[in-house]
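What follows is a set of notes on a single structure, which appears directly below.
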Amino acid sequence: MGVVTLLDAIDPGPRGAIKIAPSILSADFGELASAIATITPGSDWLHVDVMDGHFVPNITLGPPVVASIRKHTNLYLDCHLMISDPGEFLEPFAKAGAQGVTVHAELGDLDSVLAEARALGLRVGLAANPDTEFDVFDRYLDAVDVMLCMTVFPGFGGQSFMPEVLPKISQVRDAVVARDLNLEIEVDGGIDAKTAPLVVEAGATVLVAGSAIFGSTDPLKAANDLRHAATC
């Protein structure tokens, strides 16, 4: 029995179209509702970084904060679970209003976790760190909706883009084309108006940006500028 969420009411958008997903990790948490409202007209998804202090060296937020965010936005909530035991939290995030969850390939055997997420009515994503080889996660590409290629090591915002990940993004793109997969290719880490064209050329369709958007004096303009850079 799946958890009733807003999944059917909130459209993640056409697959393959360039999507902008601001990361709230870089937002002012004291004014989070206002920050989200500001960037909404220029955004497709809202990226929620969840860290447990074990899988990555930082602690951020959990299902109660997602539930609070849901009250203030109709954006598609894309929850990136950088945690050691994602299976324990899939149902709480679904109940909180998340539409998508992404778990990490580095955790090992993920078949049961992916199946459970799917059974809960969630769209399913898989993430790979910059040094994780394509062969580690290739077999899961047919089973997920989103492949997230990290272009920094996860844990903290504001890091510099790692161009050495570009060939791996292209490998994912080539697999999508060759196998006719219905898959979004997401990138996260150091994405701004300069790096966006590079990842889009490599095959990315969803661009996560934190500092480049929320660190700007005009976050909405920054989101729109990022879209323009990615689509021109």
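Bear in mind that the values in this text are calculations on the coordinates, not laboratory data. All figures in this text were calculated on a predicted structure; none of them were measured in a lab. So basically every Cβ, Gly included, is an ideal-geometry build from the backbone, and we count neighbours across all protein chains shown.
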Inset, instruction - State the label only: which of [x] 45, 39, 39; [y] 43, 37, 34; [z] 52, 40, 34 corresponds to Cα extents along the principal axes in Å computed from the shown model? - result: [y]
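Arrange 93, 214, 134 by Cβ neighbour counts within 10 Å, fewest through most, would you? Present the calculation step by step, with values, prior to reporting the outcome.
Numbers: 93 27, 214 22, 134 17.
Listing 93, 214, 134 from fewest to most nearby Cβ atoms yields 134, 214, 93.
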Inset, instruction - Evaluate E = 1/(1 + (r/R0)^6) for residue 15 and residue 160, where r is the Cβ-Cβ distance and R0 equals 25 Å; express this FRET efficiency to the nearest 0.05. - result: 0.30
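Could you give the length gained by full extension between residue 106 and residue 135, i.e. 0.36 nm per residue of separation minus their alpha carbon distance, to one decimal place? Display every interim value, and only then the final one.
Numbers: separation 29, 0.36 × 29 = 10.44 nm, distance 1.18 nm.
Using 0.36 nm per residue and subtracting the Cα-Cα distance, I get 9.3 nm.
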Legend entry - Under the Karplus curve 6.51 cos²θ - 1.76 cosθ + 1.60, θ = phi - 60°, whole-Hz ³J(HN,Hα) for region 227-232, x wherever Gly or Pro sits: 5, 4, 5, 6, 10, 8
Legend entry - Alpha-carbon Rg with Dmax, taken over region 154-232, Å: 13.0, 43
Legend entry - Loop-resident sites, region 148-232, for trypsin sites (Lys or Arg not before Pro), counting at most 13 other Cβ within 10 Å (DSSP): 194
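Under a Cβ-Cβ cut-off of 14 Å, what is the net charge of the residues other than residue 13 that fall near it, where Lys and Arg count +1 and Asp and Glu count -1?
Values: positive: 15, 19, 123, 227; negative: 11, 44, 78, 145, 184, 186.
My count for the surroundings of residue 13 gives -2.
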Legend entry - Residue-wise HN-Hα coupling along region 183-196, computed from phi with Karplus coefficients 6.51, -1.76, 1.60 (Hz; x: Gly, Pro): 9, 7, 10, 9, 10, 8, x, x, 7, 8, 5, 7, 8, 4
Legend entry - Efficiency of FRET from Cβ geometry, residue 179 and residue 119, R₀ 25 Å, rounded to 0.05: 0.55
Inset, instruction - Search the structure for amide H atoms under 5 Å from the amide H of residue 184, placed 1.01 Å from N in the peptide plane, and list their residues when 5 or more places away or on another chain. - result: 146, 147
Inset, instruction - For residue 71, go through the lysines and keep the ones whose alpha-carbon is under 21 Å away, minus same-chain ones fewer than eight residues off. - result: 95
Legend entry - Signed unit charges on C-beta, dipole axis of the chain, positive-most listed residue 140, 175, 222: 222
Inset, instruction - For residue 194, go through the lysines and keep the ones whose alpha-carbon is under 24 Å away, minus same-chain ones fewer than eight residues off. - result: 19, 168, 221
Legend entry - Computed magnitude of the charge dipole of region 19-231 (debye, nearest 20; Cβ of K, R +1, Cβ of D, E -1): 680 debye
